[in-house]
Amino acid sequence: MLVFAISDKGGTGRSVTSCNLAYRLSLKGKNVAYVDFDFGSPTAGALFEIGGKERGVPGGIGLHSYLLDLNGVASQFDVRATTDRIDLRKVSARAGRLVLFPGDEGGAEFATIDDGMVQRCADLLVALEDEFKVSIVDLSAGRSVAAQLVLKATTLPQLRLKTVRWLVFHRWTRQHIVAANGLVHGPHGLVHTGTEYGHDRAKLLGSIRYVRTAVGDPNRGDGSGGPAQATWVQEQNRALRDLANRNQLGSSATLGITPIEPVLLWREQIILDKDVTAKIANAETAVAFSELARRLDDSASWERV
Ligand SMILES: Nc1ncnc2c1ncn2[C@@H]1O[C@H](COP(=O)(O)OP(=O)(O)OP(=O)(O)O)[C@@H](O)[C@H]1O
Ligand SMILES: [Mg+2]
């Protein structure tokens with residue numbers, strides 16, 4: 001299964017949530033690839049805490065070089081074998097592999113794409129499909145060349161019949177809700193661009209779900225205010241629900257919701273069960289990531305909406 005992680009805005013929680021999703025899928029025994037197609041800022045190595053690769057891989061062996069045909073293969077790193085985080089190295093015998101395909105250190109956003117890049121992207125996606133049960137491709141924010149590249153590659157015959165899922169990440173605010181709708185349904189959005197490239201509109205729409213990240217508890221406000229604040233927060237939450245429904249981001253189109261996690265406010269990382277046991281991370285956060293992993297693989301979550 002190919003999973004394309006995208007958001008209209010930057011800083012939505014797309015990468016941190018996707019890394020945690022990849023980790024939770026691997027705990028369920030699946031072999032998982034995490035592919036850094038955030039070409040302008042290839043920092044996935046930092047999330048997995050792989051020393052020396054926090055800003056991409058040096059030496060011209062990353063995804064930028066591969067796509068530009070400067071290097072024949074895209075380099076890959078087994079997260080558990082290369083991470084500096086000792087507790088991430090430890091794993092039960094049941095777990096699947098977790099492998100990072102990083103971008104190049106110093107690699108930049110591509111200005112344009114050509115047929116050669118589309119072909120190499122398709123070759124990579126086919127190879128990922130052969131080797132991994134799930135490949136999560138973290139795309140640059142917005143209407144990017146990265147999104148165009150995978151939209152084009154997935155129209156090719158070798159990928160047309162593969163299971164492809166799009167996760168659109170957004171925060172639970174007015175600006176993020178309208179922006180996420182625009183990214184999917186607006187001019188030059190996923191549906192418009194995808195159908196222009198030859199995708200079936202209904203199939204493409206059916207492959208898109210939303211993930212609300214870092215959502216506060218409306219019944220608690222931020223904990224500091226009194227009853228007036230609590231009432232106001234609940235009204236805002238209701239208004240956001242209406243806005244989300246009007247923008248086709250209602251609950252039936254939403255794959256999952258992650259709560260605000262104090263650890264992630266301070267440090268981008270994988271939330272381990274050990275962090276929960278140590279009472280450093282909230283149990284709800286680990287549950288939310290596991291639940292996302294379950295629904296990603298549950299066909300009932302992907303019936304047409
Ligand atoms: N559930 C959460 N609770 C609190 N903070 C979170 C949560 N999820 C993500 N964050 C934090 O939000 C910030 C942005 O997250 P992240 O870098 O994953 O976003 P992004 O959409 O990938 O951004 P970019 O567009 O820059 O790549 C990070 O500091 C991250 O730790
Ligand atoms: Mg990111």
Name the residue farthest towards the positive end of the dipole of the range 1-154 from the options 83, 56, 29, assuming +1 on Cβ of Lys and Arg, -1 on Cβ of Asp and Glu, about the Cα centre. 29
Taking protein heavy atoms only, a 1.4 Å probe, and rounding to whole percent, the accessible area of the chain owed to carbon and sulfur comes out at 51 percent
Three semi-axes of the equivalent ellipsoid, the range 120-218, Cα gyration tensor, whole Å, largest first: 25, 16, 11
With +1 on each Lys and Arg Cβ and -1 on each Asp and Glu Cβ, how big is the dipole of the chain about its Cα centre, in debye rounded to the nearest 20? 860 debye
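List the relative contact order of the range 1-149 as a percent without decimals, with contacts defined as Cα pairs under 8 Å and 6+ residues apart.
Details: 303 pairs, mean separation 59.9, N = 149.
Computed value for the range 1-149: 40 percent relative contact order.
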Pairs over 26 Å Cα to Cα, from 30/274; 30/53; 28/203; 28/162, come to 28/203
Can you give me the relative contact order of the chain as a percent, contacts being Cα pairs under 8 Å and 6 or more apart? 23 percent
Which of the DSSP-defined H helices in the chain satisfy a minimum axial length of 15 Å, computed from C-alpha atoms, and a minimum mean Kyte-Doolittle hydropathy of -1.0? 14-27, 115-131, 174-185, 283-296
As I understand it, the dipole of the chain uses +1 on the Cβ of Lys and Arg and -1 on the Cβ of Asp and Glu, about the Cα centre. Which of 12, 193, 226 lies farthest toward its positive end? 226
In the chain, what percentage of the DSSP-assigned beta bridges are antiparallel, given to the nearest 5? 5 percent
Which whole-number percent gives the relative contact order of the range 212-305, counting Cα pairs below 8 Å spaced six or more residues apart? 29 percent
Need one number: convex hull volume per residue for the chain, Cα atoms only, in Å³. 129 Å³
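The values are calculated or read from the model by the stated rules, or taken from the named source; none is laboratory data. All figures in this text were calculated on a predicted structure; none of them were measured in a lab. Neighbour counts are summed over all protein chains in view; Cβ atoms, including those assigned to glycine, are modelled from backbone coordinates with ideal geometry. Quick note on the areas: whole protein, heavy atoms, side chains included, nothing else; ligands and nucleic acids left out. Shrake-Rupley method; radii C 1.70, N 1.55, O 1.52, S 1.80 Å.
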